[in-house]
Structures are given as C-alpha cells and as structure tokens.
Amino acid sequence: MSVLTIIEADARDALQRIEAASVDLILADPPYPEIDRPYGRLSVAEWWDLMLAVCAESKRVLRPHGSAVFILQPNAEKIGQMRGWLFEFQAWACREWNIVQDVYWWNYTTLPSAFAMPQHGLLRTSVKHCVWLGAPDCYRNQDAVLWTESDRAKAERLANRANRRVGSPSGQGVNKHTVSNAALRRGGVTPFNLIPTSNGAGNGESGSYGHGAGTPKALCEWWIKYLCPVGGTVLDMFAGLGTVGYVAQQLERNAILIERDARAVKLSRERCGVPSGGRSSAR
Ligand SMILES: C[S@@+](CC[C@H](N)C(=O)[O-])C[C@H]1O[C@@H](n2cnc3c(N)ncnc32)[C@H](O)[C@@H]1O
C-alpha cells in the first residue's frame, strides 16, 4: 500500500516541514531561468536563490543513501551563445554536494527550432541533463532498468552493435555469444547514461496531461525504479500536474508532491485520485 501526499505551497516553505532523513529519492523538473511560462519567469539570480534553498532542504530530507535528480535543460542568451547557469550549477554541485554520474535524457522526438534553421547551422536541442546528486555509494538498482529488447528490430540493432565491438580498434575483443548470453540471463544489458524517451504529447507516453512543461511518464518510471526501493518515498517539490506521484503510485512507492500553482494542484489531485481538500490518499 502506498501513500500519496499533495501539498499546495511554495517549495521553500513546504520542504521545511518534511521530516529529516525521510525521503529515498527527490525527482524534480524545476522551472528554468529566463523562460516565459504561465507560472512566471525567473531571472538567473532568482533561480539560484530558489535552487540553493531547495538543495539545502533536499540534503536534509534525504536518507543517507538517497539521491536527488534535477532535470534541467540549458538555454541560450541568443543564437550561438549559451547561458552558463546549468553548467555553473553542476560545478557548484560537484563542489558542495556530489554528482554521482552524468546522465542525460534524450528526447528524440524534438522538432528542429529556430536555432537549428539552416541559416544558423546549429543543432536540434534534444538533451536534458538529469543532475544526479547523492553519496558515491547511494542506493541504485541497475537490474530494474536494464536496457531490454522489446521487439525484433531492437534485438537486431543490439546484435549489430555487439558485433561491431568484436575486434574493435581498441583491441578489446568481445565474444558476441558471451554478450548475448549475459543479456539473456539478466533480461537485458547495462543501460546507457543517455535515456532515450519520447515527449510526444498525445501518444500516452507524455506526462504533460495538459501542462506546457510536463515530464514524460517513462522518464519518471526509469528514475523511480532505479533509485527508489519498492515501498520507499519519492519527493517532487516542483510537481506540476503530478507525473512523479502518479507514476510512483503505480510502482508501489510513496510520494510527496509540492506545487504552488492551485490549478495544477487541483488537476494533479484529480489525476492521482486524491480527494480535493484531502492531503493524502492510501491505495
Ligand atoms: C517543469 S514544471 C513540472 C512538471 C511536472 N514534473 C509534471 O510532469 O507535471 C515546474 C513546476 O514547478 C512549479 N513551481 C515553480 N516554482 C515553484 C516554487 N517555488 N514552489 C513550488 N512549485 C513551483 C510550477 O508551477 C510548475 O508547475
């Protein structure tokens, strides 16, 4: 039985009321600076104020082997000139906390934008950084997120990749039968640090549920299975329409959602089956 709690409040206030060392995984898709959203626009300085406060409380509420994953996408000052906030945040996190590993979400369904127009010659923006913070020995379950083959085409691609590694230029030969036998025994192979997930609205995979900046359900599912044990607790302090909580419930994890926008809270309560006015629901 899992419990879902939805709190309508500013993240900075509500986090202070969460018990210390009570959360296994923080999974959040925070607002980005200098982007116009229905929920406002933050300057870079305001964004830092918010994130420094959130990170301090995040460390406090996480269990010793817990992790925080913040999904962030760099943006640009103008064409050909990136803003530095995300890179500086990662450098800050290396100094003040610990980045366990660099991981990226690749949204392979992103359409070309103005940046990628032929006259600018830049590339399609399709990768978000999943900034994974925690202790070097934090809890993680690789078996839960193996890179599996669900259809024949994928299986063939994997076989081709394994074959190419045989007698590779590095000289590290790999016996393809050893690779495929290991994959069969484990039910998949070691996942990449690039998580390919569609954000295609309307195909059932998107977590948007009418939110302009929704997080895909498949991406939430991947992180929750990987970093939160069954029966553990996931926290999202920028919950939007509650995708993290919705998925956590399905995976038998408890969830605490914090969101300051009343309309988003109402919709996430409907979506997750939490009675309006009620703060938590047991399933
Ligand atoms: C990118 S969206 C999150 C989307 C969410 N993961 C989902 O799938 O629906 C960021 C959310 O953070 C909320 N937010 C922004 N600043 C906040 C704050 N200080 N406290 C709480 N929520 C905040 C916004 O209202 C918005 O819904």
Q | Whichever aspartates and glutamates have a C-alpha closer than 15 Å to that of residue 266, once near sequence neighbours (fewer than 8 apart) are set aside | A | 8
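Determine the gain in length on full extension of the stretch residue 110-residue 56; use 0.36 nm per residue of separation and subtract their C-alpha separation, reporting nm with one decimal. Display every interim value, and only then the final one.
Numbers: separation 54, 0.36 × 54 = 19.44 nm, distance 3.32 nm.
16.1 nm is the gain from fully extending residue 110 to residue 56.
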Q: Would you grab the residues whose amide H sits under 5 Å from the one on residue 103? Only those 5+ places off in sequence or on another chain, please, with H modelled 1.01 Å from N.
A: 130, 132
Q: Among the aspartates and glutamates, select those whose C-alpha is under 20 Å from the C-alpha of residue 217, and discard any that sit fewer than 8 residues away in the same chain.
A: 24, 29, 143, 149, 205, 236, 252, 259, 270
Q: Enumerate the amide H contacts of residue 109 below 5 Å, restricted to partners 5 or more residues apart or on another chain; note that Pro and chain-start residues carry no placed amide H.
A: 199
**Q.** Cut-off 18 Å, label 7 Å out along Cα→Cβ of residue 22, residues of region 258-275 by amide N
**A.** 258-259
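Would you kindly state how much longer the chain becomes between residue 124 and residue 192 on full extension, computed as 0.36 nm times their sequence separation minus their alpha carbon distance, in nm to one decimal? Walk me through the intermediate numbers first.
Values: separation 68, 0.36 × 68 = 24.48 nm, distance 2.08 nm.
Working it through step by step, the gained length comes to 22.4 nm.
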Q | Virtual spin-label span in nm between residue 250 and residue 148, 7 Å along Cα→Cβ | A | 1.4
Q: Using θ = phi - 60° and the Karplus relation 6.51 cos²θ - 1.76 cosθ + 1.60, list the HN-Hα couplings for region 98-109 in order, rounded to whole Hz, with x at every Gly or Pro.
A: 6, 8, 5, 7, 7, 10, 10, 9, 9, 8, 6, 9
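Every number in this text was worked out from the coordinates using simple rules, so none of it is lab data. Small disclaimer: the values here were computed from a predicted structure and weren't measured. All Cβ positions, even for glycine, are placed from backbone atoms using ideal geometry, and neighbour counts span all protein chains on display.
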